[in-house]
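The values are calculated or read from the model by the stated rules, or taken from the named source; none is laboratory data. Being a predicted model, the structure only gives us computed values, none of them experimental. Heads up, the Cβs are rebuilt from the backbone with ideal geometry, glycines too, and the neighbour counts pull from every protein chain shown. Heavy atoms of the whole protein, side chains included, go into the accessibility calculation; ligands, DNA and RNA do not. Shrake-Rupley method; radii C 1.70, N 1.55, O 1.52, S 1.80 Å.
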Amino acid sequence: IHSFCINNAKVAVLGASGGIGQPLSLLLKNSPLVGELSLFDIAHTPGVAADLSHIETRARVTGYMGPDQLNDALKGCDVVVIPAGVPRKPGMTRDDLFNTNATIVATLADACARNCPEAMICIIANPVSTPVPVMWFEIVMKKYGVYNPNRVFGVTTLDIVRANAFVAELKGLDPARVNVPVIGGHAGKTIIPLISQATPKVEFPADQLSALTARIQDAGTEVVKAKAGAGSATLSMAYAGARFTFSILDAMNGKEGVVECAYVRSEETECKYFSTPLLLGKQGIEKNLGLGKLSAFEEKLVAEAIGELKGSIKKGEDFVANMK
């Protein structure tokens, strides 16, 4: 049962017209936790907002379009969800993508710092695989003196959702009851599913465990291949983004024991940013629950991931330093 203090939460979706943004906005509109849904994008937002506003749920929907309406979209928001950023197009290098999206994120961070400095920030922006979006928010919000590391999250929930689905499938379990923590980063080898900490407890022979881990790490590619050039994971990502947002809203409402993994400013390893299970509360992160007890196989995965994560953090810092 939710208390009514924030049961009227105002939630903004930045990038609401995109492949993730539209289904994400639909899921948020469907939730009794959301009182007001503020949709922003650089194109098509009035149409998306009009369409969603006909749905018979209580969330009031408003659409904002273009840079000059960004401030209005953010005013008074409790939670900001950011599926903004462009997907990689043919002929575009990862660096091109990186530069374009980092610039978009910097602009959005600036607007959030000015208009809703207290909001919970949930970043789905491409590439979450690097710490850049989370890092940008830290740098920009510090500039305005409003940075709170307990309120800025890189959303890695899709990795957990996939791990739960794949484990449930292999073991014939109800996926809704399976919970596999996934730590580290959000790309390839930095994605570390902690199968040894799964509930209910599951065990796999070494070769099957190794194949399952690889499948969770490469699941994005699985979708890209299946879509045969027509896009990447948008629907499952929208579901994961909504799940994380609902957990944040539940915690803000005073629900006890809400735990989600997310990529945050961290002291848990030698990486400045690292995803681990977090106990969420009214003020955001209540407690970082850390890595927990790892199996020997998982310890090896963590050791391999840390080098790669440090590299991407360094790349992000260099990029930020050059852009100032």
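Scanning segment 191-209 finds no residues that are of a type outside the set (Lys, Arg), within 22 Å of residue 287 (Cβ to Cβ) and modelled with pLDDT under 95. Screening residue 11 with (1) assigned to a helix (DSSP H, G or I); (2) more than 18 Å from residue 133 (Cα to Cα) gives one miss only, at (1). Only a single criterion out of (1) aliphatic (A, V, I, L, M); (2) in contact with a Leu (Cβ under 6 Å, 6 or more places away or on another chain); (3) modelled with pLDDT under 95 is not satisfied by residue 49, namely (3).
No other residue among 125, 111 is touching a residue at least 60 places away in the same chain (Cβ under 8 Å), open to solvent by less than 10 Å² (accessible area, probe 1.4 Å) and of a type outside the set (Val, Ile, Thr) apart from 125. Looking at residue 25, is it in a loop (DSSP other than H, G, I, E, B) and modelled with pLDDT of 95 or more? Against the criterion (in a loop (DSSP other than H, G, I, E, B) and modelled with pLDDT of 95 or more), residue 25 does not qualify. Regarding residue 238, is this residue part of a helix (DSSP H, G or I), free of Cβ contacts under 8 Å to residues at least 12 places away in the same chain and within 28 Å of residue 283 (Cα to Cα)? Judged against the criteria, residue 238 is not a match. Here residue 247 meets the list (1) open to solvent by less than 40 Å² (accessible area, probe 1.4 Å); (2) among the polar types (S, T, N, Q); (3) touching a residue at least 40 places away in the same chain (Cβ under 8 Å); (4) assigned to a helix (DSSP H, G or I) almost entirely, failing just condition (3). When residue 163 is tested against (1) in contact with a Lys or Arg (Cβ under 8 Å, 6 or more places away or on another chain); (2) more than 30 Å from residue 116 (Cα to Cα); (3) open to solvent by less than 10 Å² (accessible area, probe 1.4 Å); (4) hydrophobic (A, V, I, L, M, F, W, C), just one condition goes unmet, and that condition is (1).
Considering the conditions (1) open to solvent by 20 Å² or more (accessible area, probe 1.4 Å); (2) modelled with pLDDT of 95 or more; (3) over 21 Å from residue 16 (Cβ atoms), residue 235 is excluded by exactly one of them, (3). One residue stands out in segment 66-84 among those that are closer than 22 Å to residue 239 by Cβ and open to solvent by less than 30 Å² (accessible area, probe 1.4 Å): the one that is farthest from the chain's Cα centre (by Cα), namely 77. Of the set (1) at pLDDT 95 or above; (2) touching a Gly at 6+ places or on another chain (Cβ under 7 Å); (3) open to solvent by less than 70 Å² (accessible area, probe 1.4 Å), all apply to residue 309 but (1).
Yes or no: segment 146-154 includes at least one residue that is in a helix (DSSP H, G or I), more than 23 Å from residue 311 (Cα to Cα), modelled with pLDDT of 95 or more and open to solvent by less than 10 Å² (accessible area, probe 1.4 Å).
The answer is no; no qualifying residue exists.
Restricted to segment 182-232, and to residues there that are of a type in the set (Lys, Arg) and in contact (Cβ under 8 Å) with a residue 40 or more places away in the chain, the residue that is least open to solvent (accessible area, probe 1.4 Å) is 215. Among 282, 315, 293, 272, which is touching a helix residue (DSSP H, G or I) at 6+ places or on another chain (Cβ under 9 Å), in contact (Cβ under 8 Å) with a residue 60 or more places away in the chain and either within 24 Å of residue 118 (Cβ to Cβ) or among the hydroxyl-bearing types (Ser, Thr, Tyr) (or both)? Unique residue meeting the criteria: 272.
Among the residues of segment 28-61, write down those that are open to solvent by 30 Å² or more (accessible area, probe 1.4 Å), touching a helix residue (DSSP H, G or I) at 6+ places or on another chain (Cβ under 7 Å) and farther than 18 Å from residue 253 by Cβ. Reasoning before the result, please.
From segment 28-61, those open to solvent by 30 Å² or more (accessible area, probe 1.4 Å) are 30, 32, 36, 42-44, 46-47, 50-51, 53-58, 60; that's our starting set.
Restricting the remaining residues to those that are touching a helix residue (DSSP H, G or I) at 6+ places or on another chain (Cβ under 7 Å) gives 55, 57.
Within segment 28-61, 55 is the sole residue that qualifies.
Within the option set 316, 290, being surrounded by 14 or more Cβ atoms within 10 Å (Cβ to Cβ) and at positive phi holds for one residue only, 290.
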